[in-house]
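Comments concern the structure below.
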Amino acid sequence: MSIYLNTAQALPLAVQREMGYDMRRYMAGSVLSVRNICKAYGDTVAVDGISFDIAENEIVGLLGPNGAGKTTTINMTLGVLEPTSGSVYIEGVDLRAQRSRALRRTNFAAVYAPLPGNLTVYQNLRIFGLIYGVKDLAGRIDMLLDHFDLGVFRGVKSGVLSSGEQTRLGLAKAMLNRPRLLLLDEPTASLDPASSREIRGKIREFAKRGDSGVLWTSHNMYEVEEVCDRVLFLSHGKILLEGDPKTLPREHGEETLEELFIAVARERLMSGEG
Amino acid sequence: MHSSRVAAVVLRQFYLIRGSLSRVLPLFVWVAIDMVLWGFITKYLNAVAASGINFVPMLLGAVLLWDFLVRVMQGVTMAFFEDVWSRNFLNIFATPLTISEYLGGLVISSIATSSVGLIVMIVLATSLFGLSVFSSLMLIPFLLLLFLFGIALGICGSAVVLRFGPASEWFIWPVPALIAPFAAVFYPLSTLPQWMRYISLLLPPSYVFENLRAIVSGGAASESALLWGGCLAALYVLLACRFFVLTYRRAVRTGLIARYSAETVS
């Protein structure tokens, strides 16, 4: 299998600067620009100099085997993990220099970050709505409760919701501030197939109707192929492949995205990286 | 600083307290028990002591002030622990909320919760045991100084738990008990050996309790000593905030914020 680096990664930041690359112009239209970010814990490199962009209305899938660096990348993009080197720009705003401003129109949902179970659905949404400075918060909460079929749980403690209902609540929180950058770490992991399809539709509608970009991680290749405009294959902290999930498998001699995923994971193992 | 973000931190604490009897009762039950217990002890001491000293203001007043300081500290740490217990760090710190806004919310929460305890203590101490020293205007600087020091302890304790993980909250609960002997809550500083007095000089509460005893004994409060104690307490608040910020930055650098749980204690 031929493995190539994506173009942005091939141009390190220093080279781009030498070439007089105008970062602001380069990033125009991008809701997220990740530039050569690395994260190392001592000798262990979790993310190894990756770069990518997410444009408006674009859903980008971040794929890779366990331990590939997907969640580390998302955490660095959320500002809860500092890169060892490299930069993250959200709507052109440097996350390291202006964290609060950069995160104003960013949000996320992840199965491993449920909202506090000792607060009700409404209370959780109200608190996060205040933190994000959402205008007409009461109306926005009502709309999202309705949108995610959570109206009946409005006064229910979040901790007693089923995992699927908690996932929907996490997504409602993630859309509270109408984010321009939405980060979703396995958003449908605990949903049944019918609910998954419905949620995929809502997220796709969200990305396509407004001016938002979505970074989506999933191990469900069917889902990725259906939802994502572009995928990045991450392995051992590096982007190995990048392209359209519908055409990428054939370009690399595989029938399906799942087969390509397995081939990438195997190659990683055979090369001794795993 | 955005007021709505600070309000969100306070509102979270309000929602939690409003909906939970186990959070409401500790706001005043333990301090009320302390007032009753120490109230009767002081009454008994007044009856048996031949010295003529009125123990009510000296001991009960000291207990009241000390409990206030402890409540202020716990007001901050409890609000912080709610995020620890509900594993909410990733949600809360992946937002535009700044550290100053977060700490501001914790402090305002503490003002509200410690005020409940203070009011209950004053009502019980004055109505049941005739405590009257707090009609003095000196109550305000006493409370202010203890409040500042309690905030400093609370923020510092929160930083320790952020650094060492949830299990380290057991380092925080005994902190007031460790400080109390040096703060000379119940006895004059002159009772302490010299080495302990050096430490007392660095503790703002010791200035409050020395002056409380001076007033009760018919003397005057030393305004310069209280001012110095106040400056020390304000300095400790600044240092505690700095410590929390540095601990937070370290947690972001090491990834602790993103994977904070009981297993991350190092």
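The values are calculated or read from the model by the stated rules, or taken from the named source; none is laboratory data. Since the model is a prediction, treat every value here as computed from it, not as a measurement. Glycine gets a Cβ as well: all are built from the backbone with ideal geometry, and neighbour counts include every protein chain shown. In case anyone asks, the SASA skips ligands and DNA or RNA and just uses the protein heavy atoms, side chains included. Shrake-Rupley method; radii C 1.70, N 1.55, O 1.52, S 1.80 Å.
What to note about this one:
- Strands (runs of 3 or more DSSP E) wholly inside segment A:189-274 containing at least 1 residues that are surrounded by 14 or more Cβ atoms within 10 Å (Cβ to Cβ), polar (S, T, N, Q) and under 17 Å from the mean Cα position of the chain (by Cα): A:213-217, A:230-235
- B:SER4 meets the stated requirement of being over 24 Å from the mean Cα position of the chain (by Cα), within 14 Å of chain A (Cβ to nearest Cβ) and closer than 30 Å to B:GLU101 by Cβ.
- Identity of the residue in segment A:59-86, open to solvent by less than 10 Å² (accessible area, probe 1.4 Å) and part of a strand (DSSP E or B), that ends up farthest from A:ARG230 (Cα to Cα): A:LEU63
- Subset tally (residues that are among the aromatic types (Phe, Trp, Tyr) and touching a Phe, Trp or Tyr at 6+ places or on another chain (Cβ under 9 Å)) for segment B:143-186: 5
- So A:GLY139, is it open to solvent by 20 Å² or more (accessible area, probe 1.4 Å), free of Cβ contacts under 8 Å to residues at least 60 places away in the same chain and assigned to a loop (DSSP other than H, G, I, E, B): no
- Of the numbered criteria (1) without any contact (Cβ under 8 Å) to a residue 24 or more places away in the chain; (2) farther than 29 Å from B:SER132 by Cα; (3) among the aromatic types (Phe, Trp, Tyr), the one B:TRP228 fails is (2).
- B:THR42 closer than 24 Å to A:ALA102 by Cβ and polar (S, T, N, Q): no
- Against the test of being over 30 Å from B:LEU65 (Cβ atoms) and open to solvent by less than 60 Å² (accessible area, probe 1.4 Å), the options B:ALA258, B:ALA240 yield a single qualifying residue, B:ALA258.
- Selection over segment B:175-209 of residues that are in a helix (DSSP H, G or I) and open to solvent by less than 60 Å² (accessible area, probe 1.4 Å) gives a count of 16.
- Residues considered: B:LEU25, B:LEU21. Of these, the only one that is away from chain A (no Cβ under 14 Å), at pLDDT below 95 and open to solvent by 40 Å² or more (accessible area, probe 1.4 Å) is B:LEU25.
- Comparison of A:ASP48, A:ASP94 shows that the only residue that is within 15 Å of A:ILE239 (Cβ to Cβ), more than 9 Å from chain B (Cβ to nearest Cβ), surrounded by fewer than 20 Cβ atoms within 10 Å (Cβ to Cβ) and among the charged types (D, E, K, R) is A:ASP48.
- When segment A:147-180 is limited to residues that are hydroxyl-bearing (Ser, Thr, Tyr) and part of a helix (DSSP H, G or I), the one that is least open to solvent (accessible area, probe 1.4 Å) turns out to be A:SER158.
- Which numbered condition A:LEU144 fails, given (1) open to solvent by less than 30 Å² (accessible area, probe 1.4 Å); (2) more than 20 Å from the chain's Cα centre (by Cα); (3) within 14 Å of another protein chain (Cβ to nearest Cβ): (3)
- The residue that is farthest from A:LEU62 (Cα to Cα), among those in segment A:106-119 that are open to solvent by 20 Å² or more (accessible area, probe 1.4 Å) and facing chain B (nearest Cβ under 9 Å), is A:ASN118.
- Test: residue in segment B:37-49 that is open to solvent by less than 10 Å² (accessible area, probe 1.4 Å) and within 14 Å of another protein chain (Cβ to nearest Cβ): no
- Taken over segment B:1-60, the criterion of being closer than 30 Å to B:ALA184 by Cα and touching a Gly at 6+ places or on another chain (Cβ under 7 Å) is satisfied by B:LEU27, B:PHE28, B:VAL31, B:VAL56, B:LEU60.
- All told, B:LEU227 meets the bar of being assigned to a helix (DSSP H, G or I) and not β-branched (Val, Ile, Thr).
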